[in-house]
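Written below as structure tokens is the structure these notes are about.
Only the coordinates and a few stated rules stand behind these numbers; no lab work does. Note that the coordinates shown come from a computational prediction; the quantities given were computed from them, not determined experimentally. Neighbour counts are summed over all protein chains in view; Cβ atoms, including those assigned to glycine, are modelled from backbone coordinates with ideal geometry.
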Amino acid sequence: MDRDTFDQTICAFKHRTPFRPFTVAMSNGDRLEVDHPDALAIRDGIALFAGPGGVPSIFDHEGVNRVIGDLAGQQSEEA
């Protein structure tokens with residue numbers, strides 16, 4: 001996923017009102033379940049996610065395959 005698409009997509013999911021959990025599907029098959037908007041920081045194509053129990057995950061735009069959730073009436077947002 002290119003950097004701008006990554007930043008815009010992740011930010012759109014993070015700032016939905018009301019917030020609803022979403023999934024970041026990685027190219028290697030891993031998935032991150034984002035359950036709270038404050039658990040995620042994004043800047044310049046890189047994100048830091050604080051998972052349950054405070055377990056951190058760092059990922060970038062190159063490692064993301066798609067973002068899955070309900071955004072603007074769509075079942076999944078792919079980029």
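Would you kindly work out the equivalent ellipsoid of the chain from its C-alpha gyration tensor and give its semi-axes, the square roots of five times the eigenvalues, largest first in whole Å?
Values: eigenvalues 52, 47, 28 Å².
Here the semi-axes work out to 16, 15, 12 Å.
Calculate the tail of P(r) for region 1-47: the fraction of all Cα-Cα distances greater than 14 Å, expressed in %. Walk me through the numbers on the way to the answer.
On the way: 539 of 1081 pairs.
Above the 14 Å cut-off, region 1-47 has 50 percent of its Cα pairs.
Starting from the Cα-Cα distance between residue 25 and residue 41, subtract it from 0.36 nm times their residue separation and give me the gain in nm to one decimal.
Details: separation 16, 0.36 × 16 = 5.76 nm, distance 1.67 nm.
Going from the current span to full extension adds 4.1 nm.
Starting with the highest mean, order 47-57, 10-20 by the number of other Cβ atoms within 10 Å, averaged over the residues of each peptide.
On the way: 47-57: 12.6, 10-20: 14.2.
The packing order, highest mean first, is 10-20, 47-57.
If you put +1 on each Lys and Arg Cβ and -1 on each Asp and Glu Cβ, how big is the dipole of the chain around its Cα centre, in Debye rounded to 20?
Numbers: 7 positive and 13 negative charges, 41 e Å.
So the dipole magnitude of the chain works out to roughly 200 debye.
Taking the Cβ of residue 41 as the centre, find all other residues whose Cβ is under 14 Å away and add up their charges (Lys, Arg: +1; Asp, Glu: -1). Each step should come with its number before you reach the end.
Numbers: positive: 14, 43; negative: 7, 38, 44, 60.
In short, -2.
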